[in-house]
Amino acid sequence: AQSVTQLDSQVPVFEEAPVELRCNYSSSVSVYLFWYVQYPNQGLQLLLKYLSGSTLVKGINGFEAEFNKSQTSFHLRKPSVHISDTAEYFCAVRQYSSASKIIFGSGTRLSIRP
Amino acid sequence: GAGVSQSPSNKVTEKGKDVELRCDPISGHTALYWYRQSLGQGLEFLIYFQGNSAPDKSGLPSDRFSAERTGGSVSTLTIQRTQQEDSAVYLCASSFGDRVLLNSGANVLTFGAGSRLTVL
């Protein structure tokens, strides 16, 4: 079985400051990793994904994440945030299997202060 | 269709009544997922379909919850004898489920807008 832990339920940052949202996972087999974003009053959409290859993946809106197998982490980063980045961010994991569920973390609410 | 369609978008019901929530996935998507999002909570996995079968229904909270999928397409989530703690947004998502497509990223989930259930 796999699991996902997002240690920070809320992260307040000032506009133009850097941010890191933490995600750790647990799995007995190899996994695919995802970050989804839910903007206020909108549905979830994919931000970025790690499938294989380069451990640094870039997503939309200037976000990137780095897969660290030894630390079983997939932290999300952005060097300079904007008010429009205010949203809830969910980390998700799926095991290497054609019949495998996708498990989400509990989410991190990112609030940007002007 | 162009996206994942869920109905109703809002449902208010009385405690003890049964409700049905419908999900119409993207055409061609063989995998279908139901999640529950409660206020202040994350996404709670409920059940996963591959075609018409459910390899994993471990997330269903109780035997009051059931789901089915017919024709490899539309899915219905049924909650019997609703309780106030069932109040939440129920999200449906679909994706390609073919292993060949997994490495292409085609298994990314597309979510519907959700069905907001309020049990009075």
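Would you list the strands (runs of 3 or more DSSP E) that sit entirely within segment B:56-101 and hold 1 or more residues that are open to solvent by 30 Å² or more (accessible area, probe 1.4 Å) and under 15 Å from B:CYS23 (Cα atoms)?
B:65-69, B:75-79
Residue check: A:VAL11 meets all listed conditions (1) touching a residue at least 12 places away in the same chain (Cβ under 8 Å); (2) under 18 Å from B:LEU109 (Cα atoms) but one, namely (2). For segment A:11-41, a residue qualifies if it is open to solvent by 40 Å² or more (accessible area, probe 1.4 Å) and modelled with pLDDT of 95 or more, and the qualifying residues are A:PRO12, A:PHE14, A:GLU15, A:GLU16, A:PRO18, A:GLU20, A:ARG22, A:ASN24.
Taken over segment B:25-45, residues that are more than 10 Å from every other protein chain (Cβ to nearest Cβ) and in a strand (DSSP E or B) amount to 3.
Checking the structure you have, find out if any residue of segment A:23-36 is without any contact (Cβ under 8 Å) to a residue 12 or more places away in the chain, in contact with a Ser or Thr (Cβ under 9 Å, 6 or more places away or on another chain) and within 12 Å of chain B (Cβ to nearest Cβ). There is no residue in segment A:23-36 that is without any contact (Cβ under 8 Å) to a residue 12 or more places away in the chain, in contact with a Ser or Thr (Cβ under 9 Å, 6 or more places away or on another chain) and within 12 Å of chain B (Cβ to nearest Cβ).
The values are calculated or read from the model by the stated rules, or taken from the named source; none is laboratory data. Not measured: the values here are computed from a predicted model. Glycine also receives a Cβ, built like all others from the backbone with ideal geometry; neighbour counts cover every protein chain displayed. Side chains included, ligands, DNA and RNA excluded: accessible areas come from the protein's heavy atoms. Shrake-Rupley method; radii C 1.70, N 1.55, O 1.52, S 1.80 Å.
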